[in-house]
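Here the structure is laid out as structure tokens; the discussion comes afterwards.
The values are calculated or read from the model by the stated rules, or taken from the named source; none is laboratory data. As the structure is a computational prediction, the values presented were derived from the model and not from experiment. Note that we place each Cβ from the backbone using ideal geometry, even for glycine, and neighbour counts take in every protein chain shown.
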Amino acid sequence: MKTRQSGFTLVEIAIVLVIIGLLLGGVLKGQELINSAKVKNLAQDFRTVPLFIYGYQDKFRALPGDDVQASAHVCPSEDNACTTNGKGNGKIDGTWDDEVGDTTPETVLFWQHLRLANLASGPTQTTDAGFLPRNAEGGRLGVQSAGKDAPFGVRGSYAMCSAGIQGKYIRQLDTTLDDGDPTSGSMRAGTGSGTTLTVIDKDNPLDDNTVYVACLGF
């Protein structure tokens, strides 16, 4: 007697391959949408902060963080010592990733002044664990005056930096906000922190899986 062998027909195999292809396409498309959403959130930070500054200046004719009359401008009448006044020298002194310390730098006061003025959301007490702002990737957000000490040499009056961003997002972020080249233009990227930063260049090329700091001058 002949033994009857069973198995998949060509039609069945073709159907399985089509289903696998559709699943893979869906996964890849889903990942692309997730990446785009992350870049959109990161880009929104860079678009919003300048509006905060201009809104505060329009309201109080002063620079947040540097406002020499901040207590009078943003503190409620029952608590006229809710914040510290700035120097009033027309600059946001300090570096973008300064920490809260015994002497609060203007780069930290910047966020307190904005929040007390109801221009930005977030804790108003510097002792709050969540006071220092973070981006969608959990990296620090910060602003400082630009000029000769601008991070990565970005041009403009102010520099905003966002840390903890993977290289694959840096490319999309720069394309969204600038010229698509993180080594030039208004937005630049690199590694490091504070004033110790190494900019991306031909000797230090962008890597998709390395975490970077992106700074935008405005």
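Observations on the model:
- Residue in segment 138-146 that is at positive phi and more than 16 Å from the chain's Cα centre (by Cα) present: no
- Being surrounded by fewer than 20 Cβ atoms within 10 Å (Cβ to Cβ), among the hydrophobic types (A, V, I, L, M, F, W, C) and in contact with a strand residue (DSSP E or B) (Cβ under 7 Å, 6 or more places away or on another chain) is a condition met by no residue of segment 180-192.
- Checklist (1) surrounded by fewer than 14 Cβ atoms within 10 Å (Cβ to Cβ); (2) under 28 Å from Gly130 (Cβ atoms); (3) at pLDDT below 90 applied to Asn35, failing item: (1)
Conditions tested, residue by residue: (1) modelled with pLDDT under 95; (2) under 21 Å from Gly90 (Cβ atoms).
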{"position": "Met160", "(1), (2)": "no, yes"}
{"position": "Gly164", "(1), (2)": "no, no"}
{"position": "Lys168", "(1), (2)": "yes, no"}
{"position": "Ser184", "(1), (2)": "yes, no"}
{"position": "Gly192", "(1), (2)": "yes, no"}
{"position": "Thr198", "(1), (2)": "yes, no"}
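- Some residue of segment 154-171 being farther than 17 Å from Phe52 by Cα and assigned to a loop (DSSP other than H, G, I, E, B): yes
- Check on Glu99, closer than 21 Å to Gly164 by Cα, modelled with pLDDT under 95 and in a loop (DSSP other than H, G, I, E, B): yes
- Only one of Thr198, Thr176, Thr210 that is out of contact with any Ser or Thr (no Cβ under 8 Å at 6 or more places or on another chain) and either of a type in the set (A, V, I, L, M) or surrounded by fewer than 19 Cβ atoms within 10 Å (Cβ to Cβ) (or both): Thr176
- Residue match in segment 48-64 (condition: among the small types (Gly, Ala, Ser), closer than 30 Å to Ala214 by Cα and modelled with pLDDT of 80 or more): yes
- Here Lys2 meets each of (1) among the basic types (Lys, Arg); (2) outside any helix (DSSP H, G or I); (3) modelled with pLDDT of 85 or more with one exception, condition (3).
- Inter-residue pairs, beta-carbon under 7 Å, first surrounded by 15 or more Cβ atoms within 10 Å (Cβ to Cβ) and in segment 111-140, second among the acidic types (Asp, Glu) and in a loop (DSSP other than H, G, I, E, B), 6+ apart: His113/Asp67; Arg140/Asp97
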